[in-house]
Amino acid sequence: MASTYTPLGIEKMATGENAGTWGTKTNANLDLIEQVLGGYKAVSIAGGAQTTALTVADGALTGTAQARMIEFTGSITGNQIVTIPLDVENFYIIKNTTSGAYTVQFKYASGSGDTFTFATTNKGTAILFASHNDNTNPDIIEIQTGGDVVDDTSPQLGGNLDVNGNAIVSVSNGNIPLSPNGSGVVQVTGNSTQSGTLRITEDTDVGSNYIDIKVPTLAANVTLTLPNSDGNADEFIKTDGSGNLSFAEVSGGTSYQAVKTSGFTAAAGEGYFCNTTSAAFTATLPAGTLGDEITLIDYAGTFDTNNLTIAPNGSEKIQGVAASLTVSIERAGLTLVYTDGTQGWLLKDK
């Protein structure tokens, strides 16, 4: 009866066979077992998209599937498939050091069992078990080791993440997105001695100047919804009482402008020093909105000789009349406030 071989090429000698060569063959088997248990092979898979079959050489050390660690090398220009014979059962440490942004798949030569694939950017190492758990569709099973997170395309924490004084950083000017699923939120949680605080610093140095945004003691949940634009200059953010924020102009104050010496169109919320020393001129009011105010002041005490004319916008009114207002009193100062379409601009003080 002739010798037979295991799926990994180890010779099983029959009784009475190989007389006088048992020592040689036994040593060859031991060498092969040593290679299977701890040997290393580099296999080039360079080239375009292709399938590379790892081999088993019966009774020899030359088979490319007969080592514990196999390193895939070479420059690849297409997605690669590397296969092992259908009957192999073994642990493999597979290292991908190819160059080229293409996938490398490790699988059985046939069948529809599970496979393992190095992603296009994964130039790492994987521990795999060729299970031979089915005669036609065996599975390649990845052994999770807690190694490089980059090798795991969907890593999960088994407990709290302790950064141990380090930072979560990006490279190449990359963002760090936080993306809760569905209705989930990004939560900053406090503790027994410190309320929830978001700290924004100048750089990664813990001693840098910073801005803290801190949650006060709350009796109920509060939701603030930001505006959908960046607003205009000199506006402030106000709330509608239900947490909806928007930009609004500051009211109740006057923004005084440089001295005017010729005709101009006024703007709501502004005050103007009008110098009519050289000639009379006209200040034209803007289209009014309830509560708008405009202040006009005789800069040089010359309104009595060179009058200031205040003209309405279009058909709007001043003091209930659709006509201009002439100011001829020396050192006059007056503030107009807009009411509505019936009365238009009214004198607030004079």
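The values are calculated or read from the model by the stated rules, or taken from the named source; none is laboratory data. Quantities reported herein were computed from a predicted structural model and do not represent experimental measurements. Cβ sites come from the backbone with ideal geometry, for glycine too, and all protein chains shown count toward neighbours.
Return yes when Val169 is surrounded by 10 or more Cβ atoms within 10 Å (Cβ to Cβ), part of a loop (DSSP other than H, G, I, E, B), modelled with pLDDT under 90 and not assigned by TED's automatic domain parsing to the domain that holds Asn90 and no when it is not. No.
Here Leu245 clears all of (1) in a loop (DSSP other than H, G, I, E, B); (2) over 19 Å from Ile329 (Cβ atoms) except the condition numbered (1). Residues that are under 19 Å from the mean Cα position of the chain (by Cα) and among the acidic types (Asp, Glu) within region 180-229 comprise just one, Asp203. Taken together, the residues in region 92-119 that are assigned to a strand (DSSP E or B) and either of a type in the set (D, E, K, R) or surrounded by 15 or more Cβ atoms within 10 Å (Cβ to Cβ) (or both) amount to 13. Any residue at all in region 211-230 that's within 20 Å of Leu325 (Cα to Cα) and loosely packed, with under 12 Cβ neighbours inside 10 Å? Checked against the condition, which is being within 20 Å of Leu325 (Cα to Cα) and loosely packed, with under 12 Cβ neighbours inside 10 Å, region 211-230 yields no hits at all.
Scanning region 100-126 for residues that are under 28 Å from the mean Cα position of the chain (by Cα), over 15 Å from Met69 (Cα atoms) and polar (S, T, N, Q) turns up Thr103, Thr117, Thr120, Thr121, Asn122. Evaluate the following for Val188: is it farther than 15 Å from Leu54 by Cα, surrounded by 10 or more Cβ atoms within 10 Å (Cβ to Cβ) and not assigned by TED's automatic domain parsing to the domain that holds Ala42? Here the answer is yes, as Val188 does meet what is asked. When we screen Ala287, Ala268, Ala283 for residues that are out of contact with any helix residue (DSSP H, G or I) (no Cβ under 6 Å at 6 or more places or on another chain), surrounded by 13 or more Cβ atoms within 10 Å (Cβ to Cβ) and either within 25 Å of Asp230 (Cα to Cα) or at pLDDT below 95 (or both), the only hit is Ala268.
Residue count for region 248-259 satisfying the condition of being under 30 Å from Thr223 (Cα atoms) and either of a type in the set (Phe, Trp, Tyr) or not in a loop (DSSP other than H, G, I, E, B) (or both): 2. Just one of (1) within 55 Å of the chain's Cα centre (by Cα); (2) crowded, with 16+ Cβ neighbours inside 10 Å; (3) not in a strand (DSSP E or B) fails for Thr335. It is (3).
Residue count for region 120-166 under the criterion of being assigned to a loop (DSSP other than H, G, I, E, B), within 26 Å of Asp87 (Cα to Cα) and at pLDDT 90 or above: the result is 9. For Ala14, the criteria (1) farther than 30 Å from Thr125 by Cβ; (2) surrounded by 16 or more Cβ atoms within 10 Å (Cβ to Cβ) hold in every case but one, which is (2).
Here is a yes/no grid of residues against (1) outside any loop (DSSP other than H, G, I, E, B); (2) aromatic (Phe, Trp, Tyr); (3) outside the structural domain of Ser99 (by TED's automatic domain parsing); (4) closer than 30 Å to Tyr102 by Cβ:
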{"position": "Thr26", "(1), (2), (3), (4)": "yes, no, no, no"}
{"position": "Asn29", "(1), (2), (3), (4)": "yes, no, no, no"}
{"position": "Ile33", "(1), (2), (3), (4)": "yes, no, no, no"}
{"position": "Gly63", "(1), (2), (3), (4)": "no, no, no, yes"}
{"position": "Phe72", "(1), (2), (3), (4)": "yes, yes, no, yes"}
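Restricting attention to region 17-49 and to residues that are exposed (fewer than 14 other Cβ atoms within 10 Å of the Cβ) and among the polar types (S, T, N, Q), the residue that is farthest from Arg68 (Cα to Cα) turns out to be Thr21. Of everything in region 307-332, what is in contact with a Leu (Cβ under 6 Å, 6 or more places away or on another chain) and outside any loop (DSSP other than H, G, I, E, B)? Give them in sequence order. Passing the criteria: Ile310, Ile318, Val327.
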